[in-house]
Structures are given as C-alpha cells and as structure tokens.
Amino acid sequence: MSKPILVFDMDGVLVDVTESYRETIARTAESFTGAAVTREQIQEYKNRGGFNDDWRLTHQIVTDAGVSVPFEAVHDRFQQLFLGNGSDGLILRERWIGRPGALESLAERFRFAIFTGRPRAEAAITLRRFAGNLVFDPVIAMEEVENHKPHPEGLLRILKDNCDCEVFYVGDTVDDARCARAAGVPFIGIAGPSNPSYIDLVFLFQAERAYAIVDDINYLHEVFAS
C-alpha cells in the first residue's frame, strides 16, 4: 500500500490569512457599506457554512448591510486590495503556519496534496513564497472543480486517483468538515484558541465527527504519534 495522503486546505491551515484574506473581506465590505466588519462577524458567516468563497461571503456581508452592489464590483474591489500592484497587496501579509521542519518531518510518512477554494494563481504565489521545498500533488484549486466545498468533488477526485491508500483532510471550517464527511474521508479540524469563535468551531467539528481537532498543523504529529 502507498503512503497515506494528507490533503490540506490552505487558508487558516497552511497559511495564516488573518491579515490577508480576512482583512480584505473587512476592507472590501467597509468600502461599500461604510461600516466596520469585525473578525467575529466574518467567523460567524464561516461557521454558518456555505461561505467557502470569500468573494461571495463579502458580497453577502454587503447585501446584509442593506447595500445593493453587483457581485462583480465586490469581486473587483476585493482583488484590487488583495493582490495590489504586486508590491502592496494584502496577500503579502500572509504567514506560513508550519514551524521549520514540522511538515518536512510529516512528509517522511505521508504524501501531501491540497484541496483549496483559492484560485490556482493565488495558491501558486503563496506556495512558491513559503513552501518551495515541499511537494503537494495534486493541488486542486477553485478552477479545478465544478462544485465547490462543502461539495466533496475535489476530495473524491483525489480518492479516485489514490484508491490504494488512506486519505485524511485537514481543514479549518465547517465546510471543510462537511466536505470530508461527504467524501468518507477522516477530517482533522484546525481550531486555534485565538479564533474568535473557537468553542463554537470545536462543537461544529465534533458534530461533524472529526477524527481529531488540533490548534494548528504543528500538532499533526501528535495525531499520528501512535
């Protein structure tokens, strides 16, 4: 049997996006509504499920504030803030979560893959910047699936191509957990104590029958210690 596979979501799992994607959501929404958006509010939307796409989440926040704006306008403003002109985009505020050697050690026992809601180009930027020495194969991004999370299409594709080994999915939202459960894949939930809805998230993961729940990916070795 081949090595088992750890499939990672990216945002909030491999990469701290507090000051990148989450900040972009807040700034984009505020630019249309004039009202500040808190991290707690953003997490509440995530915990509802169905908001894996940050563009649509941002548009929903704007709509819920009573402002009628085309989705395309929200999308374009979001991308302008996130990518900038190459030197000032909020994507540059991202932080790699894995400590030196943590994933390299896991790679001795597991193969790595990614199933993310990010566009492929944005996933590639971050992986080149932080993880040039790691192999993630395949990387299934937004464009590779017709049905986005919580639909399990991406995980089912990985399972189909790797039917002879065990597969785990590591994610940080209820959509990730539901995606894994729908695919019949053990789910490892990331719920850091700094998360503004930490307890609620833990309960959601437990309700989705998580295989394990850890603070961040640096604790994955403890999940598989036995």
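Of note:
- When E19, E40, E23, E44 are screened for being in contact (Cβ under 8 Å) with a residue 12 or more places away in the chain and in contact with a Lys or Arg (Cβ under 6 Å, 6 or more places away or on another chain), only E19 passes.
- Count of the range 84-103 residues which are at pLDDT 95 or above, surrounded by fewer than 17 Cβ atoms within 10 Å (Cβ to Cβ) and of a type in the set (D, E, K, R): 3
- Filter result (more than 14 Å from A180 (Cβ to Cβ) and either part of a helix (DSSP H, G or I) or touching a residue at least 40 places away in the same chain (Cβ under 8 Å) (or both)) within the range 128-149: R128, R129, F130, A131, F136, M142, E143, E144, H148
- Test: residue in the range 131-146 that is loosely packed, with under 14 Cβ neighbours inside 10 Å and under 24 Å from R56 (Cβ atoms): yes
- Of all the numbered requirements in (1) in contact with a Lys or Arg (Cβ under 9 Å, 6 or more places away or on another chain); (2) surrounded by fewer than 20 Cβ atoms within 10 Å (Cβ to Cβ); (3) free of Cβ contacts under 8 Å to residues at least 60 places away in the same chain, P152 misses one, and that requirement is (2).
- Selection from the range 84-117 of residues that are hydrophobic (A, V, I, L, M, F, W, C), touching a Ser or Thr at 6+ places or on another chain (Cβ under 9 Å) and assigned to a helix (DSSP H, G or I): L90, I91, L92
- If the condition is being touching a residue at least 60 places away in the same chain (Cβ under 8 Å) and under 21 Å from V17 (Cα atoms), then the range 205-226 contributes D216, I217, N218, L220.
- The criterion of at least 1 residues that are closer than 28 Å to G101 by Cα and of a type in the set (S, T, Y) is met, among helices (runs of 4 or more DSSP H) falling completely within the range 158-226, by 198-207.
- Complete set of residues in the range 186-204 that are surrounded by fewer than 21 Cβ atoms within 10 Å (Cβ to Cβ) and within 18 Å of I114 (Cα to Cα): P186
- Only one entry in L57, L81, L6 is at pLDDT 95 or above, touching a strand residue (DSSP E or B) at 6+ places or on another chain (Cβ under 9 Å) and either part of a strand (DSSP E or B) or not assigned by TED's automatic domain parsing to the domain that holds V135 (or both), namely L6.
The values are calculated or read from the model by the stated rules, or taken from the named source; none is laboratory data. Note that the coordinates shown come from a computational prediction; the quantities given were computed from them, not determined experimentally. Cβ coordinates were reconstructed from backbone atoms using ideal geometry, including for glycine residues, and neighbour counts include every protein chain displayed.
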